[in-house]
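This report refers to the structure that appears directly beneath it.
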Amino acid sequence: QVQLVESGGGLVQAGGSLRLSCAASARTTYAMGWFRQAPGKEREFVASSNWNGNTIYYGDSVKGRFTISRDNAKNTVYLQMNSLKPEDTANYLCAAGILRLGVPRMADFGYWGQGTQVTVSS
């Protein structure tokens, strides 16, 4: 059982940056990922990292702007978000799981945090 707690969300102007953190309750070799969900929209994959950071995936809408990283000594995964746009506004959720096919699928993430709200103003 892994508990995940996100932090770092807030209100930022378009073009600005934020760094989200997700602290796991224990050391884990699970893949860690970030998803986001805006009101009235489906949950969207943002980024994922395998346990050692050697295999990373990004959603098309954030490639080149967001960077995922993890510090296993701190049981923490980060999401650095640059060049933020109003359409990035959403609740950002951290997740952990096993990528059974080697690529991130939402169904593979069995542990989820409560999320942290990111609001980007125009």
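Summary table below
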{"read-out": "Inter-label distance, nm, simple model (7 Å from Cα along the C-beta direction), Asn54/Gln114", "value": "3.7"}
{"read-out": "Protein accessible area in region 2-122, 1.4 Å probe - carbon and sulfur %", "value": "48"}
{"read-out": "Region 1-64, relative contact order [Cα under 8 Å, separation at least 6], %", "value": "22"}
{"read-out": "Total charge dipole magnitude, region 1-63, about the Cα centre, Cβ charges on Lys, Arg, Asp, Glu only, Debye to nearest 20", "value": "80"}
{"read-out": "Student exercise, the chain dipole from Lys, Arg, Asp, Glu Cβ charges, in Debye to nearest 20", "value": "180"}
{"read-out": "The chain - accessible surface per residue (Å², probe 1.4 Å)", "value": "53"}
{"read-out": "Anchor Lys74: lysines whose Cα lies under 29 Å away (excluding residues fewer than 8 positions away in-chain)", "value": "Lys63"}
{"read-out": "The chain: relative contact order as a whole-number percent, Cα under 8 Å and 6+ apart", "value": "35"}
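The values are calculated or read from the model by the stated rules, or taken from the named source; none is laboratory data. Given the structure is predicted, the values throughout are model-derived calculations rather than measurements. Cβ coordinates were reconstructed from backbone atoms using ideal geometry, including for glycine residues, and neighbour counts include every protein chain displayed. Ligands, DNA and RNA are excluded from the accessible area calculation, which covers all protein heavy atoms including side chains. Shrake-Rupley method; radii C 1.70, N 1.55, O 1.52, S 1.80 Å.
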